[in-house]
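Working notes for the structure below.
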Amino acid sequence: MAEINWSKVPQRGGVYCMYDLDENPVYVGYASESDSRSLLPRLREHFTQQNSSVVAHGRIDLLDVWYVEIWISSEYEVAEEQLIAEKEPVFNRGEPTPRSNPIDTDDPDEVLYICDNNERETRLHLPNRIRSKMDHIQRMVDSDQIALEALSRGKQKRLESARNAAQYHLSILESAIERHYEAE
């Protein structure tokens, strides 16, 4: 993974939206005002520690994330609802109805690039994309035992989340192959 410029990330509360290599919104999250849970540590949790639930459960393949839009807001929970409603990211459940619109979703305060254009093109190259998707799907299959155990404990949402994630990653693979053959 490319070197991320963490100095661009505010140490304040706010919301963020991750975009995949095809510029589709994949995940919206928020961070509170406290120093330990502000935007910087929250995003680092996703990308360096890789221990956030959305990453740990295999929903997001970090090699698929191109950039993250960031908005500073003290109304982070309401702003998160607004972003989810407007951006419709792949990995956020439900259809929230925002109580208000505390941020301008077309004008983020910061954009954090996870990889540069050259790295993005390398990741989009069909053989690399296939290899990356196959590796990620294999990791997801390996974690199926966890999902099945969760299901046996009555946690069907975990299994549904895993199924939706697998469908998303397979659709990326399918569209990459289609684009490759259309270009020939």
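The values are calculated or read from the model by the stated rules, or taken from the named source; none is laboratory data. All of these numbers come straight from a predicted model, not from anything done at the bench. Glycine also receives a Cβ, built like all others from the backbone with ideal geometry; neighbour counts cover every protein chain displayed.
Restricting the range 57-116 to residues that are of a type outside the set (A, V, I, L, M, F, W, C) and part of a strand (DSSP E or B), which is farthest from TYR30 (Cα to Cα)?
Initially, the range 57-116 is screened for residues of a type outside the set (A, V, I, L, M, F, W, C), giving 57-59, 61, 64, 67, 69, 73-77, 80-82, 86-89, 92-102, 104-110, 113, 116.
The next check asks that each one be part of a strand (DSSP E or B); those that pass are 67, 69, 110, 113.
Working: TYR67: 16, GLU69: 12, GLU110: 14, TYR113: 18 Å.
Looking at residues that are of a type outside the set (A, V, I, L, M, F, W, C) and part of a strand (DSSP E or B), I get TYR113.
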>> Among the numbered criteria (1) modelled with pLDDT of 90 or more; (2) more than 18 Å from the chain's Cα centre (by Cα); (3) closer than 21 Å to HIS46 by Cα, which one does GLN138 miss?
In response: (1)
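Quick check on GLU110: is it out of contact with any Phe, Trp or Tyr (no Cβ under 7 Å at 6 or more places or on another chain) and at pLDDT below 85?
Judged against the criteria, GLU110 is not a match.
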> Which of (1) more than 26 Å from ALA166 (Cα to Cα); (2) out of contact with any strand residue (DSSP E or B) (no Cβ under 9 Å at 6 or more places or on another chain) is the odd one out, the single condition LYS133 does not satisfy?
Replying inline: (1)
> For the range 73-123, what are the residues that are over 19 Å from PHE47 (Cβ atoms), aliphatic (A, V, I, L, M) and in contact with a helix residue (DSSP H, G or I) (Cβ under 9 Å, 6 or more places away or on another chain)?
Replying inline: ILE103
> So which pairs qualify, if the first residue must be in the range 23-48 and small (Gly, Ala, Ser), the second must be part of a helix (DSSP H, G or I) and surrounded by fewer than 22 Cβ atoms within 10 Å (Cβ to Cβ), the Cβ gap must be under 6 Å, and the two must be at least 6 apart or on different chains?
Replying inline: ALA31/ARG37; ALA31/ARG42
> Cβ-Cβ below 9 Å, separation at least six or inter-chain, first residue in the range 156-179 and over 14 Å from SER132 (Cβ atoms) and assigned by TED's automatic domain parsing to the domain that holds ASP20, second part of a helix (DSSP H, G or I) and at pLDDT 75 or above: which pairs?
Replying inline: none
> Of the conditions (1) over 23 Å from VAL9 (Cβ atoms); (2) modelled with pLDDT of 75 or more, SER161 fails just one. Which one is it?
Replying inline: (2)
> Based on what the data block shows, is SER52 of a type in the set (Ser, Thr, Tyr) and at pLDDT 85 or above?
Replying inline: no
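Among the residues of the range 81-93, is there at least one that is among the small types (Gly, Ala, Ser), in the same structural domain as VAL28 (by TED's automatic domain parsing) and more than 16 Å from the chain's Cα centre (by Cα)? Walk me through it before giving the result.
To start, the set of residues in the range 81-93 that are among the small types (Gly, Ala, Ser) comprises 85.
Narrowing the set further to residues that are in the same structural domain as VAL28 (by TED's automatic domain parsing) leaves 85.
Subset that is more than 16 Å from the chain's Cα centre (by Cα): none.
Among the residues of the range 81-93, not one is among the small types (Gly, Ala, Ser), in the same structural domain as VAL28 (by TED's automatic domain parsing) and more than 16 Å from the chain's Cα centre (by Cα), which makes the answer no.
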